[in-house]
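Undergrad: Pasting in a structure now, in structure tokens, and then I'll have a few things to ask.
The values are calculated or read from the model by the stated rules, or taken from the named source; none is laboratory data. Quick caveat, the model's predicted, so the values are computed rather than measured. Cβ placement follows ideal geometry from the backbone for every residue including glycine, while neighbour counts extend to all protein chains displayed.
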Amino acid sequence: MTGGATGIGLAIARALADAGARVVIADLDGAGAERVAGEIGGGASGIAIDVRKRDSVEQAFAGIEQRLGGYQILCANAGVSTMNLVADLTDEEWDFNFDVNARGVFLTNQAAVRHFLKTGAKGIIVNTASLAAKWGAPWLAHYSASKFAVMGFTQALAREVAANGIRVNCVCPGFVKTGMQSREVQWEAKLRSLTPQQVIDEYIAQTPLGRLEQPEDVAKAVLFLCSDLSGFITGESLNVTGGVRMD
């Protein structure tokens, strides 16, 4: 479970632990991951990982394999965002979003697939994409592009490993109430000369179910994709948006 110390990742970790999984929370904030693991209990543990760096990913996954003797599920959730007009977008912003959101998914998925193929496990991978992977979002062009990459990678990998019984899907959350959203609301308000509350009101107005999404809404969808209930589903990009997207 990458990016599991806060937000959506934390909710997913809790849901999996409540369902009986032994969860390893991997996060750039290693101390935060260990703290959350202690709160969750049930044999959960926390480790530090930088999903942008191959050495860090390979070391972390090798440590998990040694500690647990193997694993069957990867939730690649680590993600970042910044917000800017394309005309003002910097190379650093573009690279930061792609390094975490796209390269991080590639490196962690690759490590998991290698493990599944080596052990013969019918593994499960769930990547966190975004509403912005299906709907190019203004002021988030670089973020959207990185999440479109996650969705395309998920589909391609699912086709490659389906014959091995490995399932690969992704979830596409909408306007989720997290610390990341709080920062984005402030950025968008400034870019559009609105108040933060006006931005939030627009999010709710675009959501047919009439409220901001909660991290637990995403966690329930991920739990489904990790369960036998979704045993004949692979390569899907599941909207978890309250109806913002219905395709």
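Undergrad: I need the full set of residues from segment 1-42 which are surrounded by 23 or more Cβ atoms within 10 Å (Cβ to Cβ) and charged (D, E, K, R), in order please.
TA: 27, the sole residue that qualifies.
Undergrad: Could you tell me whether any residue of segment 171-179 is modelled with pLDDT of 95 or more, more than 26 Å from residue 23 (Cα to Cα) and not hydrophobic (A, V, I, L, M, F, W, C)?
TA: no
Undergrad: Suppose we filter 15, 5, 37, 33 for residues that are in contact with a Lys or Arg (Cβ under 7 Å, 6 or more places away or on another chain) and over 18 Å from residue 123 (Cβ atoms); which single one remains?
TA: 15
Undergrad: Identify, from the list 175, 148, the residue that is in contact with a helix residue (DSSP H, G or I) (Cβ under 9 Å, 6 or more places away or on another chain), touching a residue at least 60 places away in the same chain (Cβ under 8 Å) and either farther than 23 Å from residue 3 by Cα or not acidic (Asp, Glu) (or both).
TA: Being in contact with a helix residue (DSSP H, G or I) (Cβ under 9 Å, 6 or more places away or on another chain), touching a residue at least 60 places away in the same chain (Cβ under 8 Å) and either farther than 23 Å from residue 3 by Cα or not acidic (Asp, Glu) (or both) holds for just one of 175, 148, which is 175.
Undergrad: Count, please, the residues in segment 16-60 that happen to be of a type in the set (Asp, Glu), more than 17 Å from residue 216 (Cα to Cα) and out of contact with any Gly (no Cβ under 7 Å at 6 or more places or on another chain).
TA: The number of residues fulfilling the criteria is 4.
Undergrad: I need the full set of residues from segment 154-190 which are under 15 Å from residue 132 (Cβ atoms), in contact with a Leu (Cβ under 7 Å, 6 or more places away or on another chain) and β-branched (Val, Ile, Thr), in order please.
TA: The answer is 171, and nothing else.
Undergrad: Could you check, for segment 126-148, whether at least one of its residues is in a helix (DSSP H, G or I), closer than 22 Å to residue 70 by Cα and either modelled with pLDDT under 95 or not basic (Lys, Arg) (or both)?
TA: no
Undergrad: Regarding segment 197-204, can at least one residue be identified that is within 16 Å of residue 125 (Cβ to Cβ), modelled with pLDDT of 95 or more, exposed (fewer than 14 other Cβ atoms within 10 Å of the Cβ) and charged (D, E, K, R)?
TA: no
Undergrad: Kindly indicate which of 229, 223, 238, 194 is out of contact with any helix residue (DSSP H, G or I) (no Cβ under 7 Å at 6 or more places or on another chain), more than 19 Å from residue 140 (Cα to Cα) and at pLDDT 95 or above.
TA: Just one listed residue meets the conditions, 229.
Undergrad: Related question: Could you pull out the residue among 113, 105 that is within 13 Å of the chain's Cα centre (by Cα), in contact (Cβ under 8 Å) with a residue 24 or more places away in the chain and either surrounded by fewer than 18 Cβ atoms within 10 Å (Cβ to Cβ) or within 16 Å of residue 161 (Cβ to Cβ) (or both)?
TA: 105
Undergrad: Can you find even one residue in segment 167-182 that is farther than 20 Å from residue 15 by Cβ and assigned to a helix (DSSP H, G or I)?
TA: Within segment 167-182 (the criterion being farther than 20 Å from residue 15 by Cβ and assigned to a helix (DSSP H, G or I)), the answer is yes, since at least one residue qualifies.
Undergrad: So which residues in segment 119-142 are over 12 Å from residue 75 (Cβ atoms) and among the β-branched types (Val, Ile, Thr)?
TA: Matches in segment 119-142: 119 only.
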